[in-house]
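Undergrad: The structure under discussion is supplied below as structure tokens; questions concerning it will follow.
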Amino acid sequence: MLDLKLMQKNPEIVRESLKKRGSKIDVQEFTDLDDTRRKLIAEVEALKAEKNAVGPEIAKRKKAGKDASDLLEKMGEVSQRTKLLDTELSKIEAAQNNWMMTVPNIPHESVPVGASEDDNPVLRYWGEKPELNFAPKEHWEIGTALGGLDFECAAKLTGSRFSVSYGWCARLERALAQLMLDTQTSMHGYTEVVPPFMVNRKSMTGTGQLPKFEEDLFKLDGTDYFLIPTAEVPLTNIYADEVVDEARLPIKFCAHTPCFRSEAGSYGKDTKGLIRQHQFHKVEMVNFAHPDKSYEALENMTAAAEKILQLLNIHYRVIALCTGDMGFGAAKTYDIEVWLPGQDAYREISSCSNCGDFQARRANIKFQPADSKKKQFVHTLNGSGLAVGRCLVAVIENYQQADGSLVIPEALKPYMGGLEKVESE
RNA sequence: GGAGAAGUGGCCGAGUUGGCUGAAGGCGCACGCCUGCUAAGCGUGUAACGGGUGUUAAGCUCGUUCGAGAGUUCGAAUCUCUCCUUCUCCGCCA
């Protein structure tokens with residue numbers, strides 16, 4: 001959520017930022033609602049002030065046994081009028097609040113302006129594409145052939161966009177998650193968390209998934225609980241409605257959780273394999289940072305995510321998302337795209353964002369500065385470190401051999417119980 | 001799932017014949033004073049959000065907030081209803 005004061009005093013800044021994002025939201029709607037709201041407040045509060053002033057007089061007269069019927073009658077009218085205006089006011093406030101909740105964050109000044117993903121600049125490459133002297137296969141071919149992946153069984157158990165993995169593949173996924181958690185906790189100072197995998201509406205609203213993107217979520221029937229689409233939601237909301245001491249910043253959490261996404265509107269996209277599933281595992285990183293240090297923190301977080309691919313020795317590139325491609329709550333986002341030889345393409349494997357105070361304002365997350373009484377909103381950041389399922393894809397496609405076998409990357413061997421290579425039986 | 005109890009300010013805790021209680025008292029914290037000593041004492045202060053005014057300041061002023069929401073009433077922390085959460089006991093279960 002944007003700052004109300006900014007909306008009121010500098011609507012042109014908001015208008016500009018929405019334009020850069022390619023949004024059609026009209027700031028004038030807000031201004032009109034706000035004017036009406038303020039007029040109503042002035043009127044209602046005048047009535048309430050009168051009520052508060054006359055109340056004690058009624059009490060005094062009653063105690064003294066005097067007649068107060070004239071005041072009672074008058075206050076009856078005031079009360080009625082107040083109720084009427086209060087109802088109207090809460091309608092306006094609801095409309096205004098709803099408007100505010102659907103406005104995306106303002107992009108940071110360093111974010112490249114652009115209309116779509118085609119305008120995202122590549123910032124750097126790491127490593128090189130592997131030179132294969134054979135035609136590389138896609139991960140689902142290899143995984144299925146080696147007995148590790150079964151999509152038909154998953155379709156039987158549940159439906160499309162699910163998978164079952166067995167043996168080496170199941171363990172490889174676990175190994176990847178282990179490597180990621182161990183790296184983020186021991187090398188990068190993250191505290192490991194096991195949060196709930198389902199959260200309530202308030203949490204989803206705090207991080208920005210709701211109210212706008214409900215169709216992307218799985219909701220548990222008969223409850224107000226949603227399956228998390230990312231651990232960003234529970235991790236960030238850990239400090240909802242809290243005030244932390246400045247000295248504790250930055251606070252860094254990571255968690256390995258399943259993620260559930262309805263993938264509404266992605267019909268026909270990545271229908272095969274593990275790339276786009278309704279359920280996948282991800283190691284997520286969340287930072288609560290001081291406003292002065294959040295952009296530095298974003299660089300650190302991105303580097304922490306990159307570290308995993310470096311340990312696995314897999315080629316990737318980092319891109320900056322342009323204004324037209326950034327997510328709802330982000331002020332700035334870096335995507336890490338891993339090289340997939342089977343697909344002959346770079347695919348997103350991590351997305352690291354600084355949300356500024358956007359989520360902190362929604363979720364009410366503040367810190368107490370040491371040298372001032374005024375509490376301030378923290379900045380929140382989130383990033384995948386990494387998406388485990390897609391990382392599994394990357395390992396399978398990058399470590400495939402000409403004979404159809406699969407070599408286990410050096411960094412994963414400690415987690416694989418001595419397994420060095422997967423071969424067909 | 002069944003039966004009870006409770007939810008007040010940073011914390012503890014008064015307040016249930018409705019008005020003078022944003023809310024006593026204590027603790028904690030901040031500042032000051034005193035004290036020749038790692039303590040004690042004394043004093044003052046100590047919520048958030050919103051409206052108006054104002055230099056997107058301070059200040060002043062008004063309003064709202066006693067788990068959430070709705071109701072009764074001229075007026076509710078105090079009465080009624082619904083919901084949420086926590087705790088205790090019983091049952092069930094990994």
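Undergrad: Once phi is turned into θ = phi - 60°, what whole-Hz ³J(HN,Hα) does the Karplus curve with 6.51, -1.76 and 1.60 give for every residue of segment A:148-155, x standing for Gly and Pro?
TA: Ordered by residue, 3J(HN,Hα) equals x, 10, 9, 8, 5, 4, 5, 5 Hz.
Undergrad: What is the set of long-range amide H partners of A:His108 at a cut-off below 5 Å, with H atoms built 1.01 Å from backbone N?
TA: Under 5 Å from the amide H of A:His108 lie the amide H atoms of A:Lys332, each far enough along the sequence or on another chain.
Undergrad: Compute the helix-to-body angle for A:294-312: its Cα long axis versus the longest principal axis of chain A, expressed 0 to 90° and rounded to tens.
TA: 20 degrees
Undergrad: For the residue pair A:Ile25 and A:Ser186, what label-to-label distance in nm results when each label sits 7 Å from Cα along the Cα-to-beta-carbon direction?
TA: About 4.4 nm, to one decimal.
Undergrad: Could you compute how much accessible surface A:Arg15 exposes when probed at 1.4 Å, giving the result in Å² to the nearest 10?
TA: Looks like 110 Å² after rounding.
Undergrad: Under 18 Å Cα to Cα from A:Lys91, which aspartates and glutamates show up? Leave out anything in the same chain fewer than 8 places away.
TA: Filter leaves A:Glu29, A:Asp32, A:Asp34, A:Asp35, A:Glu43, A:Glu45.
Undergrad: When the gyration tensor of segment A:183-276 is built from Cα positions, what are the square roots of 5 times its three eigenvalues, in whole Å, from largest to smallest? Each step should come with its number before you reach the end.
TA: On the way: eigenvalues 147, 70, 24 Å².
Result for segment A:183-276: semi-axes of 27, 19, 11 Å.
Undergrad: Rounded to whole Å and sorted largest first, list the principal axis extents of the Cα atoms in chain A.
TA: Result, largest extent first: 102, 44, 41 Å.
Undergrad: Further question on the same structure: Under 16 Å between alpha carbons: how many lysine pairs meet that in segment A:41-83, if sequence neighbours fewer than 8 apart on the same chain are excluded?
TA: Values: A:Lys48/A:Lys74; A:Lys48/A:Lys83; A:Lys51/A:Lys60; A:Lys51/A:Lys74; A:Lys51/A:Lys83; A:Lys62/A:Lys74; A:Lys74/A:Lys83.
Taking the Cα cut-off of 16 Å, the pair count is 7.
Undergrad: Something else: If you count only protein heavy atoms with a 1.4 Å probe, what accessible area per residue comes out for chain A, rounded to a whole Å²? If you can, show how the numbers build up before the last one.
TA: Values: 20840 Å² over 425 residues.
Accessible surface, normalised per residue, equals 49 Å².
Undergrad: If you line up the long axis of helix A:69-101 against the longest principal axis of chain A, both from Cα atoms, how many degrees apart are they, to the nearest 10?
TA: The angle comes out near 20 degrees.
Undergrad: Taking chain A as a Gaussian network, Cα atoms linked when under 10 Å apart, which of A:Met204, A:Met101, A:Met187 shows the biggest mean-square fluctuation?
TA: A:Met187
Undergrad: Then there is this: Mean residue ellipticity at 222 nm from the helices of chain A, using -39,500 (n - 2.57) per DSSP H segment of n ≥ 4 over the full residue count, to the nearest 500 deg cm²/dmol?
TA: Details: 12 runs with 170 residues, N = 425.
Dividing the helical sum by the residues of chain A leaves -13000 deg cm²/dmol.
Undergrad: Relative to the Cα centre, what is the charge dipole magnitude of segment A:4-101, using +1 at the beta carbon of each Lys and Arg, -1 at the beta carbon of each Asp and Glu, and rounding to the nearest 20 debye? Mind showing how you got there, number by number?
TA: Numbers: 21 positive and 18 negative charges, 74 e Å.
Dipole about the Cα centre, nearest 20: 360 debye.
Undergrad: To continue, here is another question. Please get the size of the charge dipole for chain A, origin at its Cα centre, with Cβ charges of +1 on Lys and Arg and -1 on Asp and Glu, quoted in debye to the nearest 20.
TA: Values: 53 positive and 62 negative charges, 335 e Å.
Dipole of chain A, to the nearest 20 debye: 1620 debye.
Undergrad: Translational diffusion coefficient, Stokes-Einstein: compute it for segment A:164-228 using the Kirkwood radius over C-alpha pairs as Rh, at 25 °C and 0.890 mPa s, and state it as an integer in µm² s⁻¹. Spell out each step's value before the answer.
TA: Numbers: Rh = 14.5 Å.
Taking Rh from Cα pairs, D becomes 170 µm²/s.
Undergrad: Equivalent-ellipsoid semi-axes (√(5λ), Cα gyration tensor) for segment A:4-101, whole Å, largest first?
TA: Largest first, segment A:4-101 gives 43, 11, 8 Å.
Undergrad: List the residues, sorted by chain then number, that are 5 or more residues from A:Tyr225 or on another chain and whose placed amide H is less than 5 Å from its amide H.
TA: The answer is A:Leu220.
Undergrad: Kindly give Rg over Rh for segment A:277-384, based on alpha-carbon atoms, with the Kirkwood expression for the hydrodynamic radius. Intermediate results must be reported in sequence, preceding the final value.
TA: Values: Rg = 15.9 Å, Rh = 15.1 Å.
Rg/Rh: 1.05.
Undergrad: Top mean-square fluctuation among A:Lys48, A:Lys202, A:Lys219, Gaussian network model of chain A, C-alpha springs under 10 Å?
TA: Judging by the Gaussian network model, the answer is A:Lys48.
Undergrad: Extent of segment A:339-420 along each principal axis, from alpha carbon coordinates, in Å, largest to smallest?
TA: 67, 30, 18
Undergrad: A:Arg15 to A:Asn97: extension gain in nm, 0.36 nm per residue of separation minus the Cα-Cα distance? List each step's numbers first, then the result.
TA: Values: separation 82, 0.36 × 82 = 29.52 nm, distance 1.76 nm.
So the extension gain works out to 27.8 nm.
Undergrad: Another question about this same structure. Given N residues in segment A:34-178, what is its alpha carbon radius of gyration divided by 2.2 N^0.38 Å?
TA: Against the empirical 2.2 N^0.38 Å value, I get 2.36 for segment A:34-178.
Undergrad: Here's another thing I want to ask about it. Could you work out how far apart the two model spin labels at A:Ala135 and A:Leu123 are, taking each label as a point 7 Å from the Cα in the direction of the beta carbon, and quote it in nm?
TA: Rounded to a tenth, the inter-label distance reads 3.8 nm.
The values are calculated or read from the model by the stated rules, or taken from the named source; none is laboratory data. Here the structure is a predicted model, which means the values were calculated and not measured. Note that we place each Cβ from the backbone using ideal geometry, even for glycine, and neighbour counts take in every protein chain shown. For accessibility, only protein heavy atoms count, side chains too; no ligands or nucleic acids. Shrake-Rupley method; radii C 1.70, N 1.55, O 1.52, S 1.80 Å.
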